[in-house]
Amino acid sequence: MSRPARFDRGHTDDLLTYLAASPSPYHAVANAAERLEKAGFRKVEETDAWDGTTGGKYVLRGGALIAWFVPEGAEPHTPFRIVGAHTDSPNLRVKPLPDTGAAGWRQVAVELYGGTLLNTWLDRDLGLAGRITLRDGRDVLVNIDRPLLRVPQLAIHLDRGANDGLKLDRQKHMQPIWGLGDDVQEGDLIAFVAEEAGVDARDVAGWDLMPHPVEAPAYLGRDRELVAGPRMDNLLSVHAGAAALAAAAATGELPHIPVLAAFDHEENGSQSDTGADGPLLGSVLERSVHARGGSPEDRARALAGTICLSSDTGHAVHPNYPERHDPTHHPRANGGPILKVNVNMRYATDGSGRAVFAEACEKAGVPFQNFVSNNAMPCGTTIGPITAARHGIKTVDIGVAILSMHSARELCGADDPFLLANALTAFLEN
Ligand code: ZN
């Protein structure tokens, strides 16, 4: 029996708002938390003692968020239903001593984060966002959302081979300019950022800052059937997961405990205190069991019945490079979410996982598509196999097919985000 669809284009409209307001993982989790707060979820501190009350709760740690809803009648061994995703996207990150320059240009020294498509950052107007940590330990989010920086491409007259294969040196060629001046002074950039954030520069003890393209996400195409925007890998899934969790919680009585696990640092291997290969999710699940009076046996029973849908973007077939894709598995934009398979466990999906996802999609009245890599191409991976291996949780890798993955501005179908949200809701409610 399929239920009436919960989400439509209004969900995609809200995705555009969410993408624009989330230029860093810290903003992504703050904005997801804000949506969950509106649905009645309340923040719990990891340093407090937890109680076994029912209702929606969430933990924030850096760029990660774990949210869950304890329904009436939940027992200590009640299994979890988890939607997993990641909050980080490949980009440029400000170095510890950022103030530099040459030839009369003021520049910002940056490191490269994740598998960035470097050319897509050239000649874009960039803002600067992230968090600054004050001497008293408080974190302050900052978002300078106006054209501030730019990585200027070399003119074709000075690089005649540019169109035959652009070569970018990761150290020399990716340093943005942000103004003019020969008198480069250490502390200049951070003083500027502190002023924009409304704090005293002398109070700034640390920072995690990153440029972002300021061009707004937008509908695109003849019938506005596409969406172009930054960081859809993988804020599209975080946004859909938060909407699905709020919708599932609103139904009240659930046979499982629905969870959203949004991790940082997927793009560089997930090994951090806020990454999927860290203890955060396991700690939250375990403490939730214990808070309801559960024993280690209850925890083992709960995890044995738990299923995770790991949602992330995948590749739609590129019309100019169809040979790079598998010849018979052809995910299309607006064809519904994709089920991602790789028998070498770059994706955690197996046949029984397929059955779980197929059932959720059927209940939601949503079509789904199959994704598998061309054997001659390396296959990406995601938090799915890590979650499965680290916690022993049955995991299924799914997502949305997009073009231009890891570009500063990606492209996907305008219907797929809400089709995904409907499938995730049906999975969390089951
Ligand atoms: Zn991703």
Worksheet, complete the sentence: Percent antiparallel among DSSP beta bridges confined to the stretch 91-213, nearest 5, equals 95 percent
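Excluding P76 itself, what net charge comes from residues whose Cβ is under 14 Å from its Cβ, given Lys and Arg +1 and Asp and Glu -1? It would help to have the intermediate numbers written out before the result.
Details: positive: R287, R292, R299, R301; negative: D51, E75, E286, E297, D298.
Once positives and negatives cancel, what remains is -1.
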Item to complete: With a probe of 1.4 Å, find how much accessible area the stretch 91-213 has per residue, and write the answer as a whole number in Å².
Response: 55 Å²
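Rg/Rh for the stretch 91-213: what does it come to with C-alpha atoms and Rh from Kirkwood? Display every interim value, and only then the final one.
On the way: Rg = 15.3 Å, Rh = 15.3 Å.
Rounded to two decimals, Rg/Rh equals 1.00.
Once you charge only the Cβ atoms, +1 for Lys and Arg and -1 for Asp and Glu, what is the size of the charge dipole of the stretch 359-430 about its Cα centre, to the nearest 20 debye? Could the numbers behind the result be given before it?
Values: 4 positive and 7 negative charges, 55 e Å.
For the stretch 359-430, the charge dipole is close to 260 debye.
May I ask you to give the percent of accessible area on the chain that is carbon plus sulfur, with a probe radius of 1.4 Å? Write down the numbers at each step before the final one.
On the way: 9080 of 18460 Å².
Exposed carbon and sulfur together represent 49 percent of the surface.
Summing +1 for each Lys or Arg and -1 for each Asp or Glu, what net charge is found among the other residues whose Cβ lies under 9 Å from the Cβ of V214? Present the calculation step by step, with values, prior to reporting the outcome.
Working: positive: R124, R146; negative: D125, D145, E215.
Around V214, the surrounding residues sum to -1.
Going by average Cβ neighbours within 10 Å, how do the peptides 112-120, 316-324, 406-414 rank, with the highest at the top? Write down the numbers at each step before the final one.
On the way: 112-120: 15.9, 316-324: 12.3, 406-414: 21.4.
Peptide ranking by packing, descending: 406-414, 112-120, 316-324.
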Worksheet item: How would you rank 165-171, 378-384, 136-142, highest first, on the average number of other Cβ atoms within 10 Å across their residues?
Response: 378-384, 136-142, 165-171
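Classify the chain as rounded, prolate or oblate from the Cα gyration tensor: take a ≥ b ≥ c as the square roots of its eigenvalues, call it rounded if a/c is under 1.5, otherwise prolate when a/b beats b/c and oblate if not.
Numbers: a/c = 2.02, a/b = 1.34, b/c = 1.52.
Oblate.
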Item to complete: Within 10 Å, count the other beta carbons around each residue, average over each peptide in 6-14, 204-212, and list them highest first.
Response: 204-212, 6-14
Worksheet item: Roughly how many whole Å is it from the C-alpha centroid of the stretch 321-366 to that of the stretch 120-197?
Response: 38 Å
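Just to be sure I follow the rule: in the chain, considering lysines 8 or more places apart or on different chains, how many pairs have Cα atoms under 21 Å apart?
On the way: K38/K57; K43/K57; K95/K172; K340/K363; K340/K394; K363/K394.
For the chain, the number of qualifying lysine pairs is 6.
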Practice prompt. Pick out, from H173, T133, Q185, the residue whose Cα sits farthest towards the positive end of the charge dipole of the stretch 91-213, with +1 on the Cβ of Lys and Arg and -1 on the Cβ of Asp and Glu.
Written response: H173
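Roughly how big is the chain's charge dipole about its Cα centre, with Cβ charges of +1 (Lys, Arg) and -1 (Asp, Glu), in debye to the nearest 20? Could you put the intermediate results ahead of the total?
Working: 40 positive and 55 negative charges, 151 e Å.
Here the chain has a charge dipole of around 720 debye.
Quote the charge dipole size of the stretch 164-270 about the Cα centre in Debye, to the nearest 20; the model charges only the Cβ of Lys and Arg (+1) and of Asp and Glu (-1).
Working: 7 positive and 19 negative charges, 102 e Å.
Value, rounded to 20: 480 debye.
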Worksheet item: Could you list, bin by bin from short to long, the percent of Cα-Cα pairs of the stretch 1-65 in 5 Å steps?
Response: 4, 14, 19, 20, 18, 12, 9, 4, 1
Worksheet entry | DSSP beta bridge pairing in the chain, given as percent antiparallel to the nearest 5 | 65 percent
Worksheet, complete the sentence: Cα-based Rg/(2.2 N^0.38 Å) for the stretch 246-388, rounded to two decimals, is 1.20
Worksheet item: What are the ³J(HN,Hα) values, in whole Hz, obtained from phi via the Karplus relation 6.51 cos²θ - 1.76 cosθ + 1.60 with θ = phi - 60°, for each residue of the stretch 212-218 in sequence order, with x given for Gly and Pro?
Response: 9, x, 8, 4, 6, x, 8
Worksheet item: How big, on average over all directions, is the shadow cast by the Cα convex hull of the stretch 244-328, in nm²?
Response: 9.0 nm²
Practice prompt. Would you mind getting the accessible area per residue of the stretch 282-430, heavy atoms of the protein chains only, 1.4 Å probe, in Å²?
Written response: 39 Å²
Worksheet entry | Options A194, L158, N143, ranked by Cα towards positive dipole end of the stretch 91-213, top entry (Cβ charges) | L158
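The values are calculated or read from the model by the stated rules, or taken from the named source; none is laboratory data. If you're wondering where the values come from, they're calculated on a predicted model, not measured in any experiment. Cβ atoms come from the backbone with ideal geometry, glycine included; neighbour counts cover every protein chain shown. Accessible surface is based on the protein model in full, side chains and every heavy atom, while ligands, DNA and RNA are left aside. Shrake-Rupley method; radii C 1.70, N 1.55, O 1.52, S 1.80 Å.
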